[in-house]
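Report on the structure given below.
The values are calculated or read from the model by the stated rules, or taken from the named source; none is laboratory data. Since this is a predicted model, take the numbers as computed values, not measurements. We place every Cβ from the backbone using ideal geometry, glycine too, and count neighbours over all the protein chains shown.
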């Protein structure tokens, strides 16, 4: 009796595919029908920095951090160790 249970298989007459292992997308692969909520969010565009001082560069950097936080790409609070 074979007791092998594959990690990736189809079930329910092909209506469900179960992925228990790694799913790798090769270059050129396309995903169709995936809800937008699952896709990676995009941050708003910022202009290139033309800072002439460290203080201006700090302002530009903090603006970048704010945009990344707003897009959900960066935690809203820093973890201090």
### Task
Pairs only if they're at least six apart or on different chains, beta carbon under 6 angstrom, first in segment 49-74 and on the phi < 0 side of the Ramachandran plot, second outside any loop (DSSP other than H, G, I, E, B) and surrounded by 14 or more Cβ atoms within 10 Å (Cβ to Cβ); list them, first residue then second.
49/60; 51/60; 74/68
### Task
Answer yes or no: is there a residue in segment 1-15 that is exposed (fewer than 11 other Cβ atoms within 10 Å of the Cβ), under 15 Å from the mean Cα position of the chain (by Cα) and at pLDDT below 95.
no
### Query
Hey, any hits in segment 26-43 for a residue that's surrounded by 10 or more Cβ atoms within 10 Å (Cβ to Cβ) and either in contact (Cβ under 8 Å) with a residue 60 or more places away in the chain or in contact with a helix residue (DSSP H, G or I) (Cβ under 8 Å, 6 or more places away or on another chain) (or both)?
yes
### Task
Scan segment 38-53 and give yes if some residue there is modelled with pLDDT of 95 or more and not in a loop (DSSP other than H, G, I, E, B), otherwise no.
no
### Task
Answer yes or no as to whether residue 57 is surrounded by 10 or more Cβ atoms within 10 Å (Cβ to Cβ) and not in a loop (DSSP other than H, G, I, E, B).
yes
